[in-house]
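Structure first, commentary second.
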Amino acid sequence: MANARISARGRRRLALLLATAAACGGGVAAAAAGIAPDAPGPTVWASSGGLAVLAATVFLRKGRQSGVSADAAAFETLFGDSAQACALSDAHGAVRAVNAALAVASASTGEPAPRSIAEALALWSDAPEALAYRLIRAAVSRGVAVEELPGAGTAPGYRISARRAGRDALLWTVHLCDATVSHARNDANALIERLPVALARLAPDGTILFANAAARALLGPEAAPGAVIGRLVEGLGRSMETRIAEAMRGDASGRPEIARAETGGREVFLQVSLTRLTIDGKDSLVAVFADATELKTLEAQFVQSQKMQAVGQLAGGVAHDFNNLLTAISGHCDLLLQRHEQGDADYADLIQINQNANRAAALVRQLLAFGRKQTLKPKVVNLVDALAEISHLLNRLLGERVSLRIVHADDLHLVKVDERQFEQVIMNLVVNARDAMAGEGEVTIRAANIRVAAETRRGRAVMPRGDYVRLDVIDQGSGIPAEKIDQIFEPFFTTKKQGEGTGLGLSTVYGIIKQTGGFIFVESEPGKGATFSIYLPRCEREVQPVAEPRRVAPPETDLTGRGVVLLIEDEAPVRAFAARALKLRGYEVLEAANAEEALDLLEDPSLRVDVLVSDVVMPGMDGPSCVREARRARPDVKVVFVSGYAEDSLKRSMDGLDNCHFLPKPFSLNELTAKVKECVAS
């Protein structure tokens, strides 16, 4: 007999287990015997259909039963007459034995006896290889794996189970499900499968038991039963294992938390919420996933815009303080130059100080341009003429080995820009293109009219519909790496070697274009160069341009004057220079270190004041507020405001004040006295 190889002790224990199964109401009892040193003893499972499946782990004497033949013999003895289809396989899915029910079912299809579990499962599943892989993987790792297959039409479904039997064997059984329960479960599973919300059921250790179509689409095909969620999804701040343990203890807050995953080579951010659930007496977790990639992108863009705004405000504040220092330096240098002739020994040194102060002032203007706080003097410009005028300068900047090509439409629209600042933009972009090509190649400037038919969003910028002039600066360089292209307009960011660039060139360009009301974008592929595209709004009609005031008065102009000037300036070095400069030109000067001190002086009705020269931003009361207060008693007093900030950024504080002039810092001796004389004459 096949069971003769089982010891007498084993047969007695098996008989006891079979009797126990029969007493539990099972229609057919079965047992799987094998060597399992870590097994605690016999265990009974009862199916929902009243069919008891008894898996007994029998401790056999050492050396008695070993090998495949012993397993097959025990399987034949225990499951040979079972009405359920059963099979025994190794841990890789190779069939060791099948019972009569499975052999008959296989023969009815005309197929030979299955040699692998996948071939056996083909009787019930349309995807037997995948089903076998999932069940083997789960059974080997957890000891048991179960999947339900829905029935077709009104037919009941099947429950396929795989249980570990020994160290290298798996016991397979196929149960016929109750039709009502099966269809209810099938309907629920079909509904969950088609839900547009990504759902997954997790075991307490984080193993995926089920993932619907939306979850598989979000997490990738790896999100199959048996996979560990912690290997697919990375928690930000806290690991998924920690969050799963909290949820199983009931300590989770229930609020979704952000996690990260990689799907198809791209980074995906997820909102993950975990809820403990008990089904058939077993605890598990339901995980709900939501794609938060766009949310994280918007958050990153908002943080970046906040950072850029903060840097812009910092740049404006630094520029204001530097302008005060430069005003004092260049002003006192002007005073020294008044006392030294060109042939003096110190004259050359003073000129060097003056020139370097001017260079520092240009750097400060770049900071103000980035912070969009510089003073612009826009006028209607034909870009064809502007490019023609600057082309000779651009050719000198490019050198002999880099050629310049300018292409433009004949009917190019007019635009309204600050011509000097526009030239700065073009020069910065052309020099940047030259450096990107290592000093050899061609730079193309292309200008054309373009109509944006609908509001367009590019990155953080939203470009309204309308007519624009598009200006492209194209190089043949190595291109900009994808990981750096989003930082290209940040201040002090440069791809050049240390000491070869300040990192302010492109941020200055960005600030000027944005302050002008335009847009700038960059497109680049590694090895294919870069294209910087500027969009300037079309000027609908040509407005008579206002002549730009001369910053430096010609030497032959008479800058002397008469009158009383009240100088209000909180920076002592600037106040000292300005007072001396005005006195040298013939003015009587009264000094005040702040607005409150100036108002105290003006309380004297016998005091005559012709001009107020006031800083705008001061501790305590600011300059415009001081002027408003002073004009209550002296409505006709004339005013010159001076500031290290741009005039445009101060317009709100100066609203309602007429007959006021503005002089930006840093200013020279001649510029100050010329502005005061102009104010007196007005």
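The values are calculated or read from the model by the stated rules, or taken from the named source; none is laboratory data. What you are looking at is a predicted structure, and each value in this text was computed from that prediction instead of being measured. Glycine also receives a Cβ, built like all others from the backbone with ideal geometry; neighbour counts cover every protein chain displayed. Remember, those area values only see protein heavy atoms, side chains included, never the ligands or the DNA or RNA. Shrake-Rupley method; radii C 1.70, N 1.55, O 1.52, S 1.80 Å.
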Item checked: Residue selected from region 191-226 under the condition under 18 Å from ALA292 (Cα atoms), assigned to a loop (DSSP other than H, G, I, E, B) and in contact (Cβ under 8 Å) with a residue 40 or more places away in the chain, by the criterion nearest to the chain's Cα centre (by Cα) -> GLY220
Next item on the list: May I ask you to say which residue of ALA100, ALA122, ALA105, ALA127 is open to solvent by 10 Å² or more (accessible area, probe 1.4 Å), farther than 16 Å from ILE160 by Cβ and of a type in the set (Gly, Ala, Ser)?
Entry: ALA100
Notebook entry, point to check: What are the pairs, 6+ residues apart or on separate chains, where a residue within region 578-589 that is on the phi > 0 side of the Ramachandran plot has its Cβ under 8 Å from a residue that is at pLDDT below 90 and β-branched (Val, Ile, Thr)?
Noted result: GLY586/THR560
Notebook entry, point to check: Based on what the data block shows, is GLY479 assigned to a loop (DSSP other than H, G, I, E, B), more than 25 Å from the chain's Cα centre (by Cα) and either of a type in the set (Gly, Ala, Ser) or modelled with pLDDT of 80 or more (or both)?
Noted result: no
Item checked: Criterion violated by LEU270 - all others in (1) farther than 14 Å from MET240 by Cβ; (2) assigned to a strand (DSSP E or B) satisfied -> (1)
Notebook entry, point to check: Can you name every residue in region 242-267 that is small (Gly, Ala, Ser) and either without any contact (Cβ under 8 Å) to a residue 40 or more places away in the chain or not in a loop (DSSP other than H, G, I, E, B) (or both)?
Noted result: ALA245, ALA247, GLY250, ALA252, SER253, GLY254, ALA259, ALA261, GLY265
Check: What number of residues within region 416-426 satisfy the criterion of being within 26 Å of GLU400 (Cβ to Cβ) and open to solvent by 40 Å² or more (accessible area, probe 1.4 Å)?
Finding: 1
Check: Does region 352-392 hold any residues that are open to solvent by 30 Å² or more (accessible area, probe 1.4 Å) and at pLDDT below 80, and which are they?
Finding: ASN358, ARG359, ALA360, ALA362, LEU363, ARG365, GLN366, ARG372, LYS373, THR375, LYS377, PRO378
Margin query: Considering only residues that are aliphatic (A, V, I, L, M) and part of a helix (DSSP H, G or I), which ones fall in region 323-346?
Written below: LEU325, LEU326, ALA328, ILE329, LEU335, LEU336, LEU337
Next item on the list: Identify the residue in region 134-147 that is in a helix (DSSP H, G or I) and free of Cβ contacts under 8 Å to residues at least 60 places away in the same chain and, among all such residues, is surrounded by the fewest Cβ atoms within 10 Å (Cβ to Cβ).
Entry: VAL140
Notebook entry, point to check: Inside region 96-125, can you point out the residues that are aliphatic (A, V, I, L, M) and part of a loop (DSSP other than H, G, I, E, B)?
Noted result: ALA113, ALA122, LEU123
Next item on the list: Among the numbered conditions (1) open to solvent by less than 20 Å² (accessible area, probe 1.4 Å); (2) modelled with pLDDT under 85; (3) acidic (Asp, Glu), tell me where GLU548 comes up short.
Entry: (1)
Checklist line | The listed residue being at pLDDT 80 or above, under 20 Å from LEU404 (Cα atoms), open to solvent by 10 Å² or more (accessible area, probe 1.4 Å) and among the aliphatic types (A, V, I, L, M), out of VAL431, VAL462 | finding: VAL431
Note to self: Take residues that are within 27 Å of CYS333 (Cβ to Cβ), of a type in the set (Val, Ile, Thr) and at pLDDT 85 or above and tell me which of the strands (runs of 3 or more DSSP E) falling wholly in region 557-667 contain 1 or more.
What the structure shows: 564-568, 588-592, 611-615, 638-643
